[in-house]
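Here is the structure we will look at.
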Amino acid sequence: MQKVEKKLPKATAEIVREYDELQQKLNGLDPSWSDEEVKAASERLYELENNYDWFNVEFTDSATGKKGLKTVSGEVIAPALYDGFNEFHSYTFAPHSPVIAIKDGKCGIVKGDGSGLQLCDFKFDFIQSLPFCTLFVARWDGEKERFGIIAGNGEIICPNILTGVSEAVNGIMSIESGDKCGVIDIDTYQCVLPEYDDLEMDAEADIVFVKGDKRGYVTEDKGEFVTVEQYETDENFIDVPVFATRLP
């Protein structure tokens, strides 16, 4: 028998108000609160988050037929200027994140504060946000199979050559193109194109890139591959930063 997914009720204004009050109390925690009071408030917050639908709501301007986006509290985060949207964020997690909108068959990114401020041109065939960072998967120029990575302003960080991408860990996201791999630093947006056979990434350590039988580092300033031996013995590489992981 096929499992039917339960549809959650939309969070009402009253539920949103209770959620906001609990968040404010827990964030500015009163030191006089007992452990029991903290536990009860946390459990109620968890209950609210998991028993209601908190995702943003699409609305239509009856005069123009164009669509906008608002939170469950009714706050407009994207005016009714678009043909639709690619994603709907949750009120409980970054409700004012940049909005991926669709106009004339193309995707673009607008600010999620209701202003409609366009952050990048509507020139992409597809855009999807990546978790826990401000980067996006995108396709453009009619590419159907592979994809690239862009920043929120539309800047192309990696071209339309990728076949895989991992969730960022310790500030670094690994990327793949076929059987080759590379990395993107999610804070600086610096990219090492997928030209390597393997990666060795330990926490808070320089990343080792493997190319054939050689193991080495990639410098941050020039993207130069330097073997481990050369980096550790050549005076020209003293204090030259290389791509590395870091703890949050």
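The values are calculated or read from the model by the stated rules, or taken from the named source; none is laboratory data. What you see is a predicted model; the values in this text were computed from it and never measured. Note that we place each Cβ from the backbone using ideal geometry, even for glycine, and neighbour counts take in every protein chain shown. Note: accessible area is taken over every heavy atom of the protein model, side chains too, but ligands, DNA and RNA are not part of it. Shrake-Rupley method; radii C 1.70, N 1.55, O 1.52, S 1.80 Å.
Taking the criterion of being open to solvent by less than 70 Å² (accessible area, probe 1.4 Å) and assigned to a strand (DSSP E or B), the residues of the stretch 213-224 that qualify are GLY216, TYR217, VAL218, THR219. Restricting attention to the stretch 56-84, the residues that are surrounded by 18 or more Cβ atoms within 10 Å (Cβ to Cβ), among the hydrophobic types (A, V, I, L, M, F, W, C) and within 21 Å of ALA11 (Cα to Cα) add up to 4. Listed conditions (1) modelled with pLDDT of 95 or more; (2) open to solvent by 40 Å² or more (accessible area, probe 1.4 Å); (3) of a type outside the set (Asp, Glu); (4) closer than 24 Å to LEU130 by Cβ are all met by PHE88, apart from (1).
Checked against (1) open to solvent by 70 Å² or more (accessible area, probe 1.4 Å); (2) more than 30 Å from PHE93 (Cα to Cα); (3) not in a loop (DSSP other than H, G, I, E, B), GLU176 meets all criteria but (2). Within the stretch 154-161, one or more residues are open to solvent by 20 Å² or more (accessible area, probe 1.4 Å), in contact with a strand residue (DSSP E or B) (Cβ under 6 Å, 6 or more places away or on another chain), of a type outside the set (Val, Ile, Thr) and over 17 Å from VAL240 (Cα atoms).
Note on the stretch 9-52: residues that are open to solvent by less than 60 Å² (accessible area, probe 1.4 Å), outside any loop (DSSP other than H, G, I, E, B) and of a type in the set (S, T, N, Q) total 2. When the stretch 153-171 is limited to residues that are closer than 16 Å to LYS123 by Cβ and part of a loop (DSSP other than H, G, I, E, B), the one that is modelled with the highest pLDDT turns out to be GLU155. Close Cβ contacts (under 6 Å, 6 or more residues apart or on different chains) running from residues in the stretch 235-248 that are within 24 Å of MET173 (Cα to Cα) to residues that are among the charged types (D, E, K, R) and open to solvent by less than 100 Å² (accessible area, probe 1.4 Å) comprise PRO241/GLU220; VAL242/ASP206; ALA244/ASP206.
Going through (1) in a loop (DSSP other than H, G, I, E, B); (2) open to solvent by 20 Å² or more (accessible area, probe 1.4 Å); (3) out of contact with any helix residue (DSSP H, G or I) (no Cβ under 9 Å at 6 or more places or on another chain) one by one, VAL240 falls short only on (3). Restricting the stretch 91-105 to residues that are open to solvent by 40 Å² or more (accessible area, probe 1.4 Å) and modelled with pLDDT of 90 or more leaves a set whose member that is farthest from ASP121 (Cα to Cα) is THR92. Right, VAL210: open to solvent by less than 30 Å² (accessible area, probe 1.4 Å), among the aliphatic types (A, V, I, L, M) and farther than 14 Å from ALA168 by Cα or not? So VAL210 fits the description; yes.
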